[in-house]
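Shown next, in C-alpha cells, is the structure this report addresses.
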Amino acid sequence: MDASVLAGAGDLLDRISERSRYSLDHTVVAIAGATGSGKSSLFNALAGAELSPAGVRRPTTASPLSCAWVPGGAAPLLDRLGVPAADRRDRRDRRTDGDGPAGEACPAEDGALAGLVLLDLPDHDSAVGTHRREVERMLRLVDAVVWVVDPEKYADAVLHDRYLRPLACHADVTVVVLNQVDRLPSDTVEQVLDDLRGLLDEDGIAVGEHGEPGAVVVAASAVTGQGVGELREVLVRTVAEGRAARRRLAADLDRVVEELRPFYVGSGRAGLTEEAREEFCDRLADAVGATAEGRAAEREWARRAAEACATPYGRWWRDRRAGRDRRTEGPRQPGDGQPEDGPPGSGPPEGGGAEPSGGRVVAARPVVEEAVRTVAREAAAGLPDPWARAVRGAALRGGVRLPGELEEAALRAGTGIGAGPGWWRAVGLVQWVLLGLAVLGAVGPAVLPWWVAVPVAVGAPAAGFVLARACRSAARGPARRFGQETERRRRAAAAECGRSAVLEPIAAELLRYREVRERYGIAAGA
C-alpha cells in the first residue's frame, strides 16, 4: 500500500492515542463560524463573562480562546490542543471547588457543565491565512463543533463545501446555531430555519429531530439571549453523556474506513477457480509437449515391441535397408526433422510443444509467458488496485524462472521404456528357435525324411511371421497405455512446477488480502 493512501489512517491512530491519554469524560467543544457571525458574543454568553473580544473590527479572534469547567484545570488537554496559556480561562463552581485554583466563579447552574472545555475559534473565512489553517487544525482535534451562522451567510458555499459536507458523518457531534435571529422578522425565522435544515440535508448531515440522533439546529441571539438557554441545555446533555469524544473518534474512523474502501474491497470474489488452475496447468503441459511426447512414446514402445518380436531375418533385412538408406542420403543434420542419433521412425514431436535438443527439453517460452499472464489477470480480476498489482507481481516473478524449471522437470519425467516387458524376450527367444528349426528343415533332407524336413522348413518361417504380426497387434494396447502414462507424468511434472512457481505465490497474496480484508471488515463494523 502506498504511504499516502494510509496517511489518513495513521494520523487517526495518532489522534486516538493522544486523545486517550486524557480523560474521555472531558468534552472539548469548539465554536466556529464566519466573520461577523457573532460566535464570540455567543461564546461570552455561554461562559457568563466577557472572555472573548467582540467588536466591529475584523477579524476579532486571532487565536483560540478557551473556557474550561474542569476541576483542577484542563492544562494538559489544552496543551494538546495548542491553546496559548494567556488565552485560557477556568470556570469553577464554588459549591464543589471552593479550595481549588484561582478562577472565576461559575453561576450555580453552570455546575452541570463540569467537564466542558469550550473553545472560541478564529473565523473560518478570515482574510488571514494562519487563522484559516488554525481553524482546520482545531476542527480535527475537538470532540464536538458548534457552527454559528447568521441570516446573511448561512448558505455560504465555502462553509458548506469546505467544512460541513466533508464532516457529514460527524452529525452526532455537530450543532448548528442560526445566530442574530433578532434581525429577522418573527414570522420568517422558521422559514430560514427550514431552509437551513434543507441545506444541511443536501450536505448529507442528518438533522436530529424528535429525539432522533443527528445534528441539532438552534435559533439564537447573543444580544437578546434568545436560544442561549436551549444551546446551554444541548451542551449540558453532551457533557452529561460523556460520549462526545468517542463519537467523534468513531465518526473519524468511519470516514477513514470509507476512504480506504476502494483499496481494500474489490468488485468481485477474489481467487482462482478450479477451471482457471486446470487451464493454466494444461498450457504448461502443452509448452513442454506433453501430448506430443506421449504420442512419441507410444510409437517408440510399439516400434521397440515390433523389433523385439520380429523374426531374426526380418530384423537383418530392416537393418540392411536402413544402412543403405543412410549411405544414400548422407549424414543427417540437426533440424532435419529427426535427431541425428534418434531411433528409426521417430520424428519431431507433434503439437508444437517442446522439442528435444541435444538430449534436453526446450519449453515453448511464448506459451509459458502467455499462460502466466492469463492466470495472473484472472487471479487479479475484481481485486482492489494495490492487491491486483501484488498478485500480478507474484505471478510474473515466478514466471521468470518457470521455463527452466519446466525443462528440468520434463527431462526428469523421461520415457522410461528400459529393457521392455519380459514377454518381448520370450517371443524373441521363440523366434530364434523357429529360425533354428527353419535351418534344420533346410538341411534336413540329408539326415531326415523329406516329408519331415519340408514342413519344418516351410512352417517355421511362416510361424515366425504370424507370431511377429500377432505380437505387433497385441502391442497396440500396451503401447497406448505407455504413451498415456508418459503424457500423464509430463503433465504432472509441469503442473507441479506451475503450482510451486506461480499458483502458490498467487495463493499467498490472496490469503494476505483475505486476512487484511477481514480486519478491514472489523474496522468497518461489517
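Listing for the model above:
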item: Residue that is of a type in the set (A, V, I, L, M) and surrounded by fewer than 17 Cβ atoms within 10 Å (Cβ to Cβ), where the choices are Ala244, Ala240, Ala251, Ala219; result: Ala240
item: Close pairs from region 227-250: first over 16 Å from Val181 (Cβ atoms) and without any contact (Cβ under 8 Å) to a residue 24 or more places away in the chain, partner open to solvent by 40 Å² or more (accessible area, probe 1.4 Å) and basic (Lys, Arg), Cβ under 9 Å, at least 6 apart; result: Glu241/Arg247
item: Contacts under 8 angstrom Cβ, first residue in region 369-387 being part of a loop (DSSP other than H, G, I, E, B), partner surrounded by fewer than 24 Cβ atoms within 10 Å (Cβ to Cβ) and among the polar types (S, T, N, Q), 6 or more apart; result: Gly382/Ser267
item: Tally of residues being within 27 Å of Arg365 (Cβ to Cβ) and in contact with a Phe, Trp or Tyr (Cβ under 7 Å, 6 or more places away or on another chain) across region 299-316; result: 0
item: Every pair of residues 6+ apart whose Cβ atoms lie under 8 Å, when the first sits in region 5-25 and is in contact (Cβ under 8 Å) with a residue 24 or more places away in the chain while the second is open to solvent by 50 Å² or more (accessible area, probe 1.4 Å) and of a type in the set (Asp, Glu); result: Gly8/Glu259
item: Hits in region 229-246 (condition: assigned to a helix (DSSP H, G or I) and in contact with an Asp or Glu (Cβ under 7 Å, 6 or more places away or on another chain)); result: Ala244, Ala245
item: Subset of region 8-34 [surrounded by fewer than 22 Cβ atoms within 10 Å (Cβ to Cβ) and hydroxyl-bearing (Ser, Thr, Tyr)]; result: Ser17, Ser20, Tyr22, Ser23
item: Filter pass, Asp201 being more than 30 Å from Ala49 (Cα to Cα), assigned to a helix (DSSP H, G or I) and at pLDDT 90 or above; result: yes
item: Conditions (1) out of contact with any helix residue (DSSP H, G or I) (no Cβ under 6 Å at 6 or more places or on another chain); (2) open to solvent by 30 Å² or more (accessible area, probe 1.4 Å); (3) under 27 Å from Cys497 (Cβ atoms); number of the one not met by Gly268; result: (3)
item: Options Gly111, Gly129; residue that is farther than 19 Å from Leu231 by Cβ and free of Cβ contacts under 8 Å to residues at least 60 places away in the same chain; result: Gly129
item: Criterion: touching a Cys at 6+ places or on another chain (Cβ under 7 Å), closer than 30 Å to Val400 by Cα and either in a helix (DSSP H, G or I) or of a type in the set (Lys, Arg) (or both) - qualifying residue of Ala508, Ala501, Ala468, Ala495; result: Ala495
item: Pairs, first at pLDDT below 90 in region 151-162, second β-branched (Val, Ile, Thr), C-beta under 9 Å, six or more apart; result: Lys153/Thr35
item: Criterion (within 20 Å of Arg248 (Cβ to Cβ), acidic (Asp, Glu) and either at pLDDT below 80 or under 49 Å from the mean Cα position of the chain (by Cα) (or both)) met by exactly one of Asp2, Asp79; result: Asp79
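The values are calculated or read from the model by the stated rules, or taken from the named source; none is laboratory data. Predicted model, so just to flag it, every value in this text is computed and none were measured. Ideal geometry is used to build each Cβ from the backbone, glycine not excepted, and the neighbour counts take in all protein chains shown. Protein only, heavy atoms only, side chains kept; ligands, DNA and RNA dropped before computing areas. Shrake-Rupley method; radii C 1.70, N 1.55, O 1.52, S 1.80 Å.
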